[in-house]
Amino acid sequence: MFQEFKVPKDLMPSDPRFGSGPSLVPMEFVKKLYEADVHLLGTSHRKMPVRNLVKELQDGLKKFFMVPDDYSIVLGNGGATFLFDAIAMGVVKKKAAHFTCGEFSEKWFKATDLCPWVSAQQLKVDYGQGINGTDVADCDLICVTLNETSTGVQISSLPQVHDGALLAVDATSGGGQVPCDISKVDIFFFSPQKVFASEGGLWVAIMSPKARERALAIAEDKSRYVPYIMSWKLAINNSDKNQTYNTPAISTVFYLNEQVKLMNELGYDEVCNMASKKADLIYGWATDKPYLSCYVEEQEFRSWSVATIDVDDKYNVADLIKVLGEQKAVYNIDAYRKLGRNQLRIALFHNIKYEDLNKLLKIISMAIEAV
């Protein structure tokens, strides 16, 4: 359908990466890592060059998110999905409530539900709809997803939970540019391959004193089997020493630290403001074009980091994406595979320039309107 379409040279984005993960890793980060030479790569994570890097990252995250002084920045290997099981095994006392609206929030619920010594309650809406968490009286952990990567839904408020309960937020694809008051959250966790422009394999958990205290207390419960690799006690104790329990990918930590430094030059509020402007651009475009529509109908739940745009079935999105990829103009704007929709899923991550996003939208409109 789009085989004859050619992207005009003046509309070629400066970077073709618009995917929702892995993210756009700036090439200058790669150059800086190369320049670190033999003084960093190949160094034990117990040695000062790596521990200094981890400390700089922890301090940078505290500054960026305006984290309260008594909170902990805990790191480990495995990514955010790893934490789904670790939280169930080592943070839930008896029961967790999960508010779900897509593939990844449901995956978190299923991980908790499989844990044999706790129970899980699912409060769900259909894919494409938004849901804000609320307090659930008989649950000691309330679980919400800041941004649902599969559907482009973000929450618009945080619940206030009862005494004895903790609030956990999966911030993987929104953390950093979707507003969230960390002081109202007990576990704010993410892996860095989205907004924070790094690679996978690492998780970061910002923990309140209450969350830290509970995790350490449960770790002393000998009746629970928790694999060493999922030990919160080991993760917390090692993070206090500016290191991870087992060997991390130094490049992942390095890229994440470089991105945090860049974002700290602007500050959290300005980064969120920039994300909001990109969201206004893409949703305004989708509303204006008769062959497009916003998959997320409720405006308050439309994501500032992952936009999902439905396309009239007359125009085969897969064909368009293939043609744009072959011309090395645009990569990875496919819909989430399990949705099965004729849809575009476009990242609005911080390193994706507003100007490039604007060019992308013009390219798509030009291609469709030429059919």
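Seen from all directions on average, the stretch 74-180 presents a Cα convex hull projection of 6.4 nm².
Could you please state, rounded to a whole Å, how far the C-alpha centre of the stretch 32-65 is from the C-alpha centre of the stretch 325-371? If we compute the Cα centre of each part, the gap is 34 Å. One chain, two ends: E213 and K338. Fully extended at 0.36 nm per residue, the span grows by 41.2 nm beyond their Cα-Cα distance. Stretching N246 away from K277 to a fully extended chain increases their span by 7.2 nm, per 0.36 nm per residue minus the current alpha-carbon distance.
Pair-distance distribution P(r) for the stretch 180-250, from all Cα-Cα distances in 10 Å bins starting at 0: 17, 45, 33, 5 percent.
For the chain, the percent of C-alpha pairs falling in each 20 Å distance bin, counted from 0 to the bin holding the largest distance, reads 29, 55, 15, 0. As an equivalent ellipsoid, the stretch 207-287 spans semi-axes of 37, 18, 13 angstrom, where each value is the square root of five times an eigenvalue of the C-alpha gyration tensor, largest first.
Calculated on C-alpha atoms, the gyration radius of the stretch 292-354 divided by its Kirkwood radius gives an Rg/Rh of 0.97.
Take the Cα of K47, go 7 Å toward its beta carbon, and the backbone nitrogen atoms of the stretch 244-260 under 16 Å from that spot belong to 244, 247-251.
Maximal additional length on extending the D59-A137 stretch stands at 24.5 nm, based on 0.36 nm per residue less the C-alpha distance. Projected onto planes of every orientation and averaged, the convex hull of the alpha-carbon atoms in the stretch 1-160 covers 15.4 nm². Checking every one of the chymotrypsin sites (Phe, Trp or Tyr not before Pro) in the stretch 97-152 against DSSP loop status and a limit of 16 other Cβ atoms within 10 Å picks out W117.
Bridges between two residues of the chain, per DSSP, are antiparallel at a rate of about 55%. For the set K32/K55; K124/K353; K32/K359; K6/K32; K47/K222; K93/K124, the pairs lying more than 24 angstrom apart at their alpha carbons are K124/K353; K32/K359; K6/K32; K47/K222. Pairs from the table (K31/K233; K210/K278; K9/K322) lying more than 26 angstrom apart at Cα are K31/K233; K210/K278.
Every number here is computed from the coordinates shown, using simple stated rules; none is lab data. Only a predicted model underlies this, so the values are computations on that prediction, with no experimental measurement involved. Glycine gets a Cβ as well: all are built from the backbone with ideal geometry, and neighbour counts include every protein chain shown.
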